[in-house]
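One structure below.
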Amino acid sequence: LSETSDGTLWGGSVNGSVWMLENGTPRVVSHELGERVVALCPTGDDRHVWAASLGTGAVRIDRKDPAQRLLVTRASGLLGETLWAILEDREGNLWIATQNDLHRLSARTAVSLTDLGVARAVATGLDGSMWVGTANGVTRFSPDNRRHVYSEAHGLPNTTISALYVDHSGVLWV
């Protein structure tokens, strides 16, 4: 589930459909994803909502005209279609956590960080840091692109991370 700035609730289903709640009633706006929707992400400019699936890539849906959609798959440049998380950072970069790596897409470039392994969760820190949950712990990319990996040696009870959240005071929840 995700909520856009106007208070509209968006959701995804196990069959790959994406819906929005209108006057208390769900309305399906996309059937492009044939697998379970695992993450939803409204864009910072408030124009679109991204939906990520566990096997068929991602779709960008225009909020004002949901019939306008962009499907992103292996054929359009993703290294894999098994997605675990999707997030837009404060600079407008789209971070996509996949079965094989982490992608950072900007208006001009696409970067794949293939040495992370399975990336399952992403979160943005208040300072602009990007936190990535993987099968090997938590990796923090600082705003100056330095990388630090946290594992059981740093106090994590387990290194398989499936969810991250940064609260309003900047505390990272794992």
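The values are calculated or read from the model by the stated rules, or taken from the named source; none is laboratory data. Treat the numbers as computed from the prediction; the structure is a model and nothing was measured. Here the Cβ positions follow ideal geometry from the backbone for every residue, glycine too, while neighbour counts run over all protein chains shown. Heads up: the accessible areas ignore ligands, DNA and RNA and are worked out on the full protein's heavy atoms, side chains in. Shrake-Rupley method; radii C 1.70, N 1.55, O 1.52, S 1.80 Å.
Assorted remarks:
- Residues of the range 80-139 satisfying the condition of being under 18 Å from T43 (Cα atoms), modelled with pLDDT under 85 and touching a Lys or Arg at 6+ places or on another chain (Cβ under 7 Å): none
- T56 vs. criteria buried (at least 17 other Cβ atoms within 10 Å of the Cβ), closer than 21 Å to V132 by Cα and more than 11 Å from the chain's Cα centre (by Cα): no
- Scanning the range 1-23 for residues that are open to solvent by 30 Å² or more (accessible area, probe 1.4 Å) and either closer than 22 Å to L71 by Cβ or part of a strand (DSSP E or B) (or both) returns L1, E3, L9, G12, S13, V14, N15, W19, L21, E22.
- In summary, P26 fulfils each of the numbered conditions (1) open to solvent by 70 Å² or more (accessible area, probe 1.4 Å); (2) of a type outside the set (A, V, I, L, M); (3) part of a loop (DSSP other than H, G, I, E, B); (4) without any contact (Cβ under 8 Å) to a residue 40 or more places away in the chain with the single exception of condition (3).
- Look at (1) open to solvent by 20 Å² or more (accessible area, probe 1.4 Å); (2) modelled with pLDDT under 90; (3) assigned to a loop (DSSP other than H, G, I, E, B) and you find that A75 fails only one, number (3).
- Residues of the range 49-72 that turn out to be over 17 Å from G16 (Cβ atoms) and assigned to a strand (DSSP E or B), as a count: 1
- Residues in the range 92-136 that are more than 15 Å from V174 (Cβ to Cβ), more than 12 Å from the chain's Cα centre (by Cα) and without any contact (Cβ under 8 Å) to a residue 24 or more places away in the chain: Q99, N100, D101, S106, A107, R108, T109, V111, L113, D115, L116, G117.
- Hits in the range 78-88 - residues which are more than 15 Å from V38 (Cα to Cα) and open to solvent by 20 Å² or more (accessible area, probe 1.4 Å): L79, E88
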